[in-house]
1. If I filter the range 124-144 for residues that are in a helix (DSSP H, G or I), surrounded by fewer than 15 Cβ atoms within 10 Å (Cβ to Cβ), of a type in the set (S, T, N, Q) and free of Cβ contacts under 8 Å to residues at least 12 places away in the same chain, do I get at least one hit?
2. Pick out the one residue from Gly172, Gly155 that is in the same structural domain as Asn207 (by TED's automatic domain parsing), surrounded by 14 or more Cβ atoms within 10 Å (Cβ to Cβ) and within 21 Å of Pro213 (Cβ to Cβ).
3. Do the conditions hold for Asn196, that is, is it at pLDDT below 90, loosely packed, with under 15 Cβ neighbours inside 10 Å, of a type in the set (S, T, N, Q) and closer than 21 Å to Lys164 by Cβ?
4. Based on this model, can you work out whether Phe148 counts as crowded, with 18+ Cβ neighbours inside 10 Å and under 14 Å from the mean Cα position of the chain (by Cα)?
5. Where residues in the range 160-169 are aliphatic (A, V, I, L, M) and surrounded by 15 or more Cβ atoms within 10 Å (Cβ to Cβ), which of them is farthest from Asn233 (Cα to Cα)?
6. Restricting to the range 102-120, and then to whatever is in contact (Cβ under 8 Å) with a residue 24 or more places away in the chain and crowded, with 18+ Cβ neighbours inside 10 Å, can you tell me which residue is nearest to the chain's Cα centre (by Cα)?
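The values are calculated or read from the model by the stated rules, or taken from the named source; none is laboratory data. Note that the structure is a prediction, hence the values are computed from the model and not measured. Cβ: placed from backbone, ideal geometry, glycine included. Neighbour counts: every protein chain shown.
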Amino acid sequence: MLVLVFLAFVLGAGLVLGAFAAINKVPGAMAQRRLEGRLAELSAPIDEPDKTQKKLVKAQKVGPMPALDRIVGDTTRGSALGRWIEQSGTKATISGMLLAGLGCAIAMMLVAGAATRAPWSLPFGAAAGFAIPFMVLRFKRTRRMRAFEEQFPEGLDLISRALKAGHAFATGLKMVADELPEPVGPEFRKTFDEQNFGLPLKDALENLTARVPLLDVRFFATAVLIQRETGGNLSEILENLAHVVRERFKILRQVRVYTAHGRMTGYVLLALPAVLAIALSFINPDHMNMLFRERMGQMLLVTALVMQTLGFLWIKRVVKIEV
């Protein structure tokens, strides 16, 4: 028992020290890498026709199985998955995601079979493992969309100030692309490049709304297109839109503060049975093994898992308030 406690202490201390080192070192290393990449772009020779031609064509990511990318990408679900990958900002491909899901499914199926020693657990383990890469993809996409939404008012203010200074709208897009970080800067860079290479502004803005499916971005594109057709003070419109977005975020943060107790309750109730099961496995292993070996215990585990999931989703639904 003392050996297990010591190993748990060493593992916990290692995780804390590793997380502390990652928090301190990783941001600096990433900033240095971005700086080196930017300097390499600026110092690249001008007269290279091959590289120029590549920049004019949209780059297609090639996965480990290009044929599978083409076949699945032509379907409705495949194209939706491709949009999710693009919106998440990852360098994955459709075939890469499917292969990762297959690998996780096999691993989780083996783990579930070894833990429960029951045939019925194999499909559940495979389904849970196959969903893991897509859950990670959804998490990254949601985080990137939230980051875009928080930085978007700064981009609107930058375009508004550029218009007040007498610059063209395209110049404002370029300023946002140059000044703001990921994800706003690269997305506006794509929009600027598309209209700079001859694509109509309407199509470039529609592509932006497709890549970033946010209501504020649709408002921005609609305001720009209406101003192009009917005229008006676009700078003032963008200022008002930036103010509305900031006020909505202020209200959303207040709502998150008010619902923090309910969300924390959901997390605690979800983690409590798993923590108690692990603790009882060390305290009384024979008592816990009955849940995995006996038929009644396996049914109770499945029932508890389903009820825990439904309860967590219900609590999450209750504390979620649309603003």
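1. Scanning the range 124-144 turns up at least one residue that is in a helix (DSSP H, G or I), surrounded by fewer than 15 Cβ atoms within 10 Å (Cβ to Cβ), of a type in the set (S, T, N, Q) and free of Cβ contacts under 8 Å to residues at least 12 places away in the same chain.
2. Exactly one of Gly172, Gly155 is in the same structural domain as Asn207 (by TED's automatic domain parsing), surrounded by 14 or more Cβ atoms within 10 Å (Cβ to Cβ) and within 21 Å of Pro213 (Cβ to Cβ), namely Gly155.
3. In short, no.
4. For Phe148, the condition - crowded, with 18+ Cβ neighbours inside 10 Å and under 14 Å from the mean Cα position of the chain (by Cα) - is met.
5. Step by step, filter the range 160-169, then rank; the result is Ala162.
6. Cys104
For every residue, the table says whether it meets (1) polar (S, T, N, Q); (2) on the phi > 0 side of the Ramachandran plot; (3) in contact with a helix residue (DSSP H, G or I) (Cβ under 9 Å, 6 or more places away or on another chain); (4) modelled with pLDDT of 80 or more.
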position: Ala223; (1), (2), (3), (4): no, no, yes, yes
position: Glu229; (1), (2), (3), (4): no, no, no, yes
position: Pro273; (1), (2), (3), (4): no, no, yes, yes
position: Val319; (1), (2), (3), (4): no, no, yes, no
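Each row is one residue, and each column tells you yes or no for (1) under 28 Å from the mean Cα position of the chain (by Cα); (2) without any contact (Cβ under 8 Å) to a residue 40 or more places away in the chain; (3) surrounded by 13 or more Cβ atoms within 10 Å (Cβ to Cβ).
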{"residue": "Pro181", "(1), (2), (3)": "yes, yes, no"}
{"residue": "Gly185", "(1), (2), (3)": "yes, yes, yes"}
{"residue": "Arg189", "(1), (2), (3)": "yes, yes, yes"}
{"residue": "Phe192", "(1), (2), (3)": "yes, yes, yes"}
{"residue": "Lys202", "(1), (2), (3)": "yes, yes, yes"}
{"residue": "Thr209", "(1), (2), (3)": "yes, yes, yes"}
{"residue": "Arg218", "(1), (2), (3)": "yes, yes, yes"}
{"residue": "Phe249", "(1), (2), (3)": "yes, no, yes"}
